[in-house]
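In what follows, a structure is listed as structure tokens, so that the remarks can point back to it.
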Amino acid sequence: MRLLVMMLAACGGGAPAVEKSPRGADPEATFGPLEIGADYARYVKLTDKPFLSLDHGNRWVEVYVNEVGAAAYESSAPIPVGTIIVKSSWLDANGAPSQVAGPLYVMEKRAPGYAPAHGDWWFAIHWAKPPAEDAAQFGGPLYWRGHSKRVDYCEACHDDYDRSIGGLIPSSILKR
């Protein structure tokens, strides 16, 4: 059950609101401006159009990778430290991307020792303007990152993929 709650929390499902009490609060779940990947629109865009990702809360996503890691991401080369991967997302509207932006999903390859059990990847989910229903569910805008328990699902899911970066299915071959 705990795993299900964490999975829903990470993907925008039924998680409890972020605790606002200073005692027991998660400092890496406090909302603020996106620190890593905010300039993703300047990155190399790897998708030609959004594709539906069940693992990202049944949202439509597009994938961007910074110059540091773009060539390695598209090949079988090792992913270099400093690589940043961002997935922008949109809510689903009857089988198509809506006009409502979903969270940004961010990964950064860090130096050895950051998170050795997870390929030294740093994860974040940033959603500055969730719809009212989602904002009420999560306690407002969200920014879950780093070692926050709220990104455990990201680690667990990405650990299952080669090189821990996740699968990139070209949107042109996805069933619609």
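Of everything in the range 38-80, what is acidic (Asp, Glu), under 17 Å from the mean Cα position of the chain (by Cα) and either in a loop (DSSP other than H, G, I, E, B) or within 19 Å of residue 110 (Cβ to Cβ) (or both)? Give them in sequence order. Result: 39, single match. Count of the range 57-99 residues, restricted to those that are of a type in the set (A, V, I, L, M) and loosely packed, with under 14 Cβ neighbours inside 10 Å, is 4.
The residue pairs whose first member lies in the range 114-128 and is at positive phi, whose second member is assigned to a loop (DSSP other than H, G, I, E, B) and of a type in the set (Lys, Arg), and whose beta carbons are closer than 8 Å, counting only pairs six or more residues apart or on different chains, are 120/110. Evaluation of residue 42 against the conditions (1) surrounded by fewer than 17 Cβ atoms within 10 Å (Cβ to Cβ); (2) modelled with pLDDT of 95 or more; (3) of a type outside the set (S, T, N, Q); (4) within 18 Å of residue 145 (Cβ to Cβ) shows that the sole unmet condition is (4). Note on the range 104-128: among residues that are closer than 17 Å to residue 45 by Cα and of a type outside the set (A, V, I, L, M, F, W, C), the one that is nearest to the chain's Cα centre (by Cα) is 105.
Among the residues of the range 100-128, those identified as buried (at least 16 other Cβ atoms within 10 Å of the Cβ) and part of a loop (DSSP other than H, G, I, E, B) are 102, 103, 110, 114, 115, 119, 120. The residue pairs whose first member lies in the range 49-61 and is touching a residue at least 12 places away in the same chain (Cβ under 8 Å) and of a type in the set (Gly, Ala, Ser), whose second member is crowded, with 21+ Cβ neighbours inside 10 Å and in a strand (DSSP E or B), and whose beta carbons are closer than 6 Å, counting only pairs six or more residues apart or on different chains, are 53/61.
The values are calculated or read from the model by the stated rules, or taken from the named source; none is laboratory data. All of these numbers come straight from a predicted model, not from anything done at the bench. When we count neighbours, we look across all protein chains shown, and the Cβ atoms used for this are built from the backbone with ideal geometry, even at glycine.
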